[in-house]
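Trainee: Right, I'll just put the structure down here and ask away after.
Where a number appears in this text, it was derived from the coordinates with a stated rule and is not lab data. This is a predicted model, so every value here is computed, not measured. Don't worry about glycine lacking a Cβ; one is built from the backbone with ideal geometry, like all the others, and counts go over all protein chains shown.
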Amino acid sequence: MTGNGEAVGQDRPRHVVVVGAGVAGLSAAWRLRAELGADARITVCDAASVPGGKIRTVELAGRRFDVGAEAVLARRPEAMALMREAGLGDQVVHPTAASGSVRALGRTLPLPKGTVMGIPASAEAVAGLLSPEGVRAVAEEPDAPALTLPEHDVSLGGLLRRRFGDEVVDRLVDPLLGGVYAGGADGLGLRATLPAVAAAVDAGASSLTEAAASTLPRRPSTEPVFATLRGGLGGLVDRLVEGSAAELRLGQPVRELHRRPGGGWRLRLGAAAAAHAPPDSDLEADAVVLAVPPPAASRLLASVAPDAAAAYGEMELASMAVVALALPEGTELPPTSGVLIGERERRSDGNRFTAKAFTFSARKWAHHGEEGGPLLVRGSVGRFGETRSLQVTDDDLVARVRSDLAELTGVTAEPVDVHVMRWGGGLPQYGVGHTERVARIEHAVARLDGLAVAGAALHGVGVPACVATGTAAALRVVGR
């Protein structure tokens, strides 16, 4: 195949089925169209009734507002490049200068500089956020026995607690990781979640503070860290659907995947039993891209790649919810972009917070803070292994999140609009051994012609990582 996508040879697939209409699957469909041209047939199947996966843009008080992923990491190129390629470059916006905060020791304090996902590069970086005993533990960590790591992964939380004690984990690392994985450090792997820190130790850093310091930029960067689209990330979903010209089969889960004796694949669609399946419930394809969550991937691969299915089956998932609030114009919000809340922080009444974080979107994004409209706020709920906070009605969830907001900020204004978005099993957990599981999956799938996998369960849960896996999967099935 030539660099402009023209074919060399006769082995290009004429029909590709992408299973999963999240951003990974739609990125695959977009790239497949670019590679295969207008004559190829591309079908995208998804059990959901709308495309986009964990990207969801809704109308809130007359404004388009993201209630799933709200931003992309601008310093990774994949999502930014795709938005420009899709003609959305003029819609890209970056956060304001407002900084974040964290709830620690019963106070809301600025997020510290000089940390890597909460791991301190020095004791000075966390002074004020930890107790005197916690600060002393950080100061003494470089004098502990020199740190070495085994080749296999280790529990991030376990390692941090051994080196720093509990406070760094409970007050800093867990709140930050909760916003990414909805999981705490104890259940996540160091190499899977913070590979740069692990690499620094492998390269000779003798302590975690030294490793963290070595990964921090020597000079503060002026480049923005995050970006989004003025009209919401749903605009990217719309462009990918349109540009891929794929046949969308929404509300139609793929329940079986089989290899055809003569080559290619057969997919059976629909939730109904085989005896009651509709006549068009089978699809024949030359190639398949699986961009679905681990449980679905495990089920579909069980007969064709049992090793990959077993590895997917070992992955755990966290559920969460986003409570979007449109507050009346004139409501006084804190000047920060938001606040992270540790699991062990307590309200004034002694109870735990329901919310794990608030994003003050009207402060974080200039286009949401324009005068003459409501002030938009996101409350995030849900941590891995803790489902009780989500087992309430939407009305109860809104009431609890509003109570937490009042506790943290004093804001009690009645919202002019609300939206509750629940993400059941939405976030894969990068537990100890995650990188080995992914290697097993990719090794098993690589033995099968015309099959590739993509999605948040592989090499990162963020939008750029998902775009990267979708693009790579598309190139694999077209022979590049």
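Trainee: Using a Förster radius of 51 Å, what is the FRET efficiency between THR96 and ASP282 based on their Cβ-Cβ separation? Nearest 0.05, please.
Mentor: Values: r = 52 Å, r/R0 = 1.01.
After rounding, the FRET efficiency stands at 0.50.
Trainee: Ok, one more. Which order, highest average first, do 212-225, 399-412, 157-170 follow once you tally other Cβ atoms within 10 Å for each residue and take the mean per peptide?
Mentor: Output ranking for 212-225, 399-412, 157-170: 157-170, 399-412, 212-225.
Trainee: Can you give me the C-alpha center-to-center distance between segment 278-335 and segment 79-124, rounded to a whole angstrom?
Mentor: 25
Trainee: Same structure, new question: Just grab the label-to-label distance for ALA34 and VAL392, each label 7 Å out from Cα along the Cβ direction, in nm (one decimal).
Mentor: About 4.5 nm, to one decimal.
Trainee: For segment 68-107, which trypsin sites (Lys or Arg not before Pro) pass both filters: DSSP loop (anything but H, G, I, E, B) and at most 15 other C-beta atoms within 10 Å? Display every interim value, and only then the final one.
Mentor: Numbers: sites: ARG75, ARG84, ARG103, ARG107; in loops: ARG75.
The qualifying sites are ARG75.
Trainee: Hey, another quick one. Residues with beta-carbon under 12 Å from that of PRO328, excluding PRO328: net charge, scoring Lys, Arg +1 and Asp, Glu -1?
Mentor: Working: positive: none; negative: GLU329, GLU332, GLU414, ASP417.
Around PRO328, the charge tally is -4.
Trainee: What order do you get for GLU78, GLU442 when you list them from fewest to most C-beta neighbours inside 10 Å? Intermediate values should be presented prior to the final figure.
Mentor: Working: GLU78 22, GLU442 17.
Going from least to most buried by this count: GLU442, GLU78.
Trainee: So what's the gap between the Cα centers of segment 386-445 and segment 125-155, to the nearest angstrom?
Mentor: 29
Trainee: Also, I was wondering about something else. Calculated from DSSP H runs of 4 or more alone, at -39500 (n - 2.57) each and per residue, what is the 222 nm mean residue ellipticity of the chain, nearest 500? Intermediate results must be reported in sequence, preceding the final value.
Mentor: On the way: 15 runs with 144 residues, N = 480.
After summing the helix terms and dividing by residue count, I get -8500 deg cm²/dmol.
Trainee: Give me the percent relative contact order of the chain, please, defined on Cα pairs under 8 angstrom at least 6 residues apart. Intermediate results must be reported in sequence, preceding the final value.
Mentor: Numbers: 1029 pairs, mean separation 115.9, N = 480.
The normalised contact order for the chain reaches 24 percent.
Trainee: Right, something else. Among CYS466, CYS45, rank each residue by its count of other Cβ atoms within 10 Å, from fewest to most, as a rough exposure measure. Present the calculation step by step, with values, prior to reporting the outcome.
Mentor: Numbers: CYS466 32, CYS45 25.
The fewest-first ordering by Cβ neighbours comes to CYS45, CYS466.
Trainee: Now for a separate question. What list do you get for TYR430, TYR312, TYR181 if you sort them by fewest beta carbons within 10 Å? Can you show the working numbers first?
Mentor: Details: TYR430 32, TYR312 28, TYR181 23.
By the 10 Å Cβ count, ascending: TYR181, TYR312, TYR430.
Trainee: Could you please report the charge total around PRO175, scoring K, R as +1 and D, E as -1 over all other residues with beta-carbon less than 11 angstrom from its beta-carbon?
Mentor: Values: positive: ARG103, ARG171, ARG344, LYS356, ARG383; negative: ASP170, ASP174, GLU343, GLU345.
That works out to +1.
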